[in-house]
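For reference, the structure discussed in these notes is given below.
Each reported figure results from applying straightforward, stated rules to the coordinates on display, with no laboratory input. The model shown is predicted, which means the values in this text are computed figures rather than measured ones. Cβ atoms come from the backbone with ideal geometry, glycine included; neighbour counts cover every protein chain shown.
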Amino acid sequence: MRQRVWIAYLLLLPALICLAVFRLYPIAAAVFGSLVADSLTEPGSQVFVGLRNYLQLFADPIFWQSLWVTIKLNLVINPLQVILATLLAVMANQRFRGISFYRLLFFIPLGVSLPIASILWRIMLDPNSGLINSILNVFGIPSQPFLINENQALWSIIAVATWKGVSFWMIFIWAGLQNIPRELLEAATIDGADRFRRFLRITLPLLRRPLLFVLVTDTAVNFLLFVPMFLLTRGGPSYSTNVLMYEAYKSGFIYGDMGRALALVVILLLLVVATVMVQFRLFSREAEH
Amino acid sequence: MNAPFRLSFRRILAAVLILTGFSSGSVPAATAATVVHWLTLSDGAWPASVKKVIAAFEAENPDIKIQLDTYPFRQLFETIEVRMKSQDKDVDLMSVDVPLVASYSVRGFLAPLDEYFPQSEIEKTWVQASWRAGSHTDHFMAAPQNSSTQFMFINRKLFQQAGIEPPKALNPAENLSYDQVSQIAQNDRWTWEQVVDAAKKLTKAQNGKTEIWGFEFDQVGRLYQLQCLGDSLGASLVGPDGLTAQGYFNSPASLKAAQWYGDLFNKWKVSPKNVAPDESPNLFASGRVAIFVGGEWNVPRFKEAGVDFAIAPFPYFKEGKVATGTGSWHLGITKQSQHKAEAAKFIRFICGNIQGASIWFDSQGQLPALLALLDQISKDPKYNAFPANAYLLGVYEAQHTAVPRPLTPGYLQLEDIFASTYEDIRNGVDPKASLDGAAQRLDRFLAQFKK
């Protein structure tokens, strides 16, 4: 028996080594890095500063603003993406003439990388000569500033990221839909349940597992969302799109202050872990019921 | 059946033996060249110009090879941060934007060049403002590869169409000596107020969309160019210690400059929003901007684009003084380099030697910082013809009106916060609130350097 346990550990070893090297070590290095700073008396060396980087962050209004922007973004974008992905998956799961064309349309954003999508949307959202404003003008709506207005920039980024992300998440939910036994839906139909009731009482409860996976993964991805802010707004206007991830990038790679950057990353990590744990608990409990 | 194989096997064996014999020293091998790695820019004509200098250097120094490692402008700074912090030994030379000399020196990225360039030689070789900007705490840290200057480019056709008399300028098919160019710079320079008046008339809209913009900045929101607005009104971005922003970044003079900048986009609407610095020259090159204020490096680009342009001196505020941008790329040796002597040899060739610096200047067209080359330009009649005579204007500005960027170890933070603050102002945020918030934020960052 003991030998069997050893073999099990031995077989797990490569995966455990990978976990330690690629997951645990970087986290430990980030935590350590957030406790040191560049020495100004001895160029090129570092000094241990304890929690100074964190205390400086907590005293910085920009940190609190970035935290609020990050939370606001995630409160909107995660439910929005999951709901839209579910609706699209339900549509893609239908069988009627010409559905292949619609499926192709849904999948197009998947083939465009996020940096390219961001640049395309930047051109389309240009306040002076962008396509979106031209369309709005046709309907008599005045041109909008979109990315250069502090009240519209975050919502514009949410739109871009959602356009790009929804079709990816749709695949998982669509796969979940295909696993729902057809007999259950047929039985409900015979019992007189209409389309909406079938979706609410049968489809949705049976989709809990893929939905949980999508929600948790989507949340982790969106907490770390960075490319649109980097390419479209650079955190502006007036820090309205300055999410924690972008602030961390700026601190580390523009200001050269890696201690501050890593402190931000550690806080972000804790935030993601806490959110995902809450989601997991809520959904697991519901799934058990 | 085996014979052909044995034959070919013997041949292969013989070939291998001959080859290994050559490489193992039976015949003296050529000495392997020392490879010097240079972290530099990938933008525009920069790599091609650099390669011309490298070819000339390597012809003279066959024992040294210069290997380029290039990145776009913004990514270069990030790459320097990452690679210097990881003590990357594969970087010997690095291009240094001159205001960052202090920051890189304080953090141990650069090795002093004192042992390769004695002070007496430095003073005789480069413009004083340039070598001083490349020094930190009495150590020469980075040699000036070139300097820079700013001009006001004018689209002659658009001025003519609008019926506006342009300022006296350097025009195509006109030869001007250094003295004549100096006269224009002293007597015919437009004020920013005149620029705005003309820009309002030059801006043309059709169906609610602006087709022709009256005015545009080359660097849109970057400190290098916009600092000159405040400088003209007597403002400075940070205090004399380089570590205080409050009362400087948001001083009344700075606010006045920022308000004027914001009005260009929001009140007078003569300048386009949402244009990145990389894209701004394209609007002038395609004839959609009438007045473009930009660096001398745009001259070859506009000439190639075939736009009908003239070059006038950089404007100033009526109530202020003339202030123009200066300073550019320097070349330094990394602290961890294993080939410092070879790297220094190359620095001497491209930055401090008339042969190398001339190849660089002829190809790249940026204002030199080398005294011998500047002297040559101001005396050589070939620089009297348009648009080469723009360099005569550049020499004048460098000697009379140039204002360097602030010397502060917090320049990275200053430049970034400046850019985001001016972007906000461009997008309509109240200038006073923007400057006040930025000054507070800057002071928090600069405080770390006071300890």
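In the structure displayed, which of B:LYS65/B:LYS303; A:LYS164/B:LYS89; B:LYS51/B:LYS85; B:LYS51/B:LYS382 lie more than 31 Å apart, Cα to Cα?
Numbers: B:LYS65/B:LYS303 34 Å; A:LYS164/B:LYS89 40 Å; B:LYS51/B:LYS85 28 Å; B:LYS51/B:LYS382 25 Å.
Flagged as over cut-off: B:LYS65/B:LYS303; A:LYS164/B:LYS89.
Taking the stretch A:164-289, how much of its Cα-Cα pair set, in percent, is spaced more than 17 angstrom apart?
Values: 5413 of 7875 pairs.
In whole percent, the long-distance tail amounts to 69.
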Check: Long-range amide H contacts for B:THR324: which residues qualify at under 5 Å (H placed 1.01 Å from N, peptide plane, sequence gap of 5 or more or a different chain)?
Finding: B:ALA402, B:VAL403
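Please compute, over every Cα-Cα pair in the stretch B:339-451, the percentage with a separation greater than 16 angstrom. Walk me through the numbers before you get to the answer.
Numbers: 4562 of 6328 pairs.
Taking all Cα-Cα pairs of the stretch B:339-451, the fraction more than 16 Å apart is 72 percent.
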Note to self: Just to be sure I understand the rule: take each whole DSSP H helix in chain B, project its Cα atoms onto its long axis, keep it if the span is 18 Å or more and its mean Kyte-Doolittle hydropathy is at least -1.0. Which ones pass?
What the structure shows: B:3-23, B:46-60, B:73-85, B:252-266, B:411-426, B:431-446
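Remind me, what semi-axes does the stretch A:64-181 give for its equivalent ellipsoid, largest first in whole Å, using sqrt of 5 times each Cα gyration tensor eigenvalue? Display every interim value, and only then the final one.
On the way: eigenvalues 170, 78, 29 Å².
Working through the eigenvalues yields semi-axes of 29, 20, 12 Å.
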Checklist line | Hydrodynamic radius by Kirkwood, which averages 1/r over all alpha carbon pairs of the stretch B:138-280, in angstrom | finding: 17.8
Item checked: Selection of GluC sites (Glu not before Pro), the stretch B:267-369, meeting DSSP coil and at most 12 other Cβ within 10 Å -> B:GLU279, B:GLU319
Margin query: Taking 2.2 N^0.38 Å as the expected size of a compact globular protein, what ratio does the Cα radius of gyration of the stretch B:94-199 give against it, to two decimals?
Written below: 1.59
Check: Counting Lys and Arg as +1 and Asp and Glu as -1, what is the net charge of the other residues whose Cβ lies under 12 Å from the Cβ of A:ALA188?
Finding: +1
Note to self: I need the shape label for the stretch B:25-106. Rule: rounded when a/c is under 1.5, else prolate if a/b > b/c, else oblate, with a, b, c from the alpha carbon gyration tensor.
What the structure shows: prolate
Margin query: Within the stretch A:108-122, name every residue whose backbone N is under 15 Å away from a label modeled 7 Å from Cα of A:LYS72 along the Cβ vector.
Written below: none
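For the stretch B:284-418, what is the Kirkwood hydrodynamic radius in Å, using each pair of distinct C-alpha atoms? Kindly include the intermediate steps, with their values, before the conclusion.
Values: mean 1/r = 0.0573 Å⁻¹.
After inverting the mean inverse Cα-Cα distance, the result is 17.4 Å.
Grab the eigenvalues of the alpha-carbon gyration tensor for the stretch B:65-104, scale each by 5, take roots, and send me the semi-axes largest first in whole angstrom. Spell out each step's value before the answer.
Working: eigenvalues 51, 32, 24 Å².
Taking √(5λ) for each eigenvalue gives 16, 13, 11 Å, largest first.
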Notebook entry, point to check: Given that compact globular proteins tend to follow 2.2 N^0.38 Å, what is the ratio of the alpha-carbon Rg of the stretch B:398-439 to that value?
Noted result: 1.42
Check: Per residue, what volume in Å³ does the convex hull of the Cα atoms of the stretch B:153-214 enclose?
Finding: 87
Notebook entry, point to check: From Cα coordinates alone, what are the radius of gyration and Dmax values for chain A in angstrom?
Noted result: 23.5, 81
Margin query: Would you work out the Kirkwood radius for the stretch B:317-382? I mean one over the mean of 1/r across all pairs of different Cα atoms, in Å.
Written below: 14.2
Next item on the list: Could you state, as a whole-number percent, how many of the C-alpha pairs of the stretch A:3-104 are farther apart than 16 Å?
Entry: 79
Notebook entry, point to check: For chain B, what ratio Rg/Rh do Cα atoms give with a Kirkwood hydrodynamic radius?
Noted result: 1.07
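At a Förster distance of 25 Å, what's the computed FRET efficiency of B:ALA45 paired with B:LEU283, Cβ-Cβ distance as r, to 0.05? Each step should come with its number before you reach the end.
Numbers: r = 20 Å, r/R0 = 0.79.
Working from the Cβ atoms, E equals 0.80.
Using the Cβ atoms and a cut-off under 12 Å, what net charge is assigned to the surroundings of A:SER156, where Lys and Arg are +1 and Asp and Glu are -1? Working shown, then result.
Values: positive: A:ARG122; negative: A:ASP126, A:GLU150.
Overall, the nearby charge balance is -1.
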Notebook entry, point to check: Out of the stretch B:188-288, which trypsin sites (Lys or Arg not before Pro) are coil in DSSP terms and have no more than 13 other C-beta atoms within 10 Å?
Noted result: B:LYS267
Check: Using all Cα-Cα distances in the protein assembly as shown, what percent lands in each 20 angstrom bin from 0 up to the longest?
Finding: 14, 40, 31, 13, 2
Next item on the list: Please give every one of the lysines within straight-line cross-link reach of B:LYS269, meaning a C-alpha to C-alpha distance under 17 Å, and leave out same-chain neighbours fewer than 8 residues apart.
Entry: B:LYS200, B:LYS201, B:LYS204, B:LYS209
Next item on the list: Sequence neighbours fewer than 8 away in the same chain don't count; with that in mind, list the aspartates and glutamates whose C-alpha is under 15 Å from B:LYS256.
Entry: B:GLU193, B:ASP231, B:GLU319, B:ASP430, B:ASP436
Note to self: Working only with C-alpha atoms, what are the Rg and Dmax values of the stretch B:100-153, expressed in angstrom?
What the structure shows: 12.4, 43
Note to self: Only sites in a loop by DSSP and with at most 15 other Cβ atoms within 10 Å count here; which chymotrypsin sites (Phe, Trp or Tyr not before Pro) in the stretch A:109-204 make the cut?
What the structure shows: A:PHE139
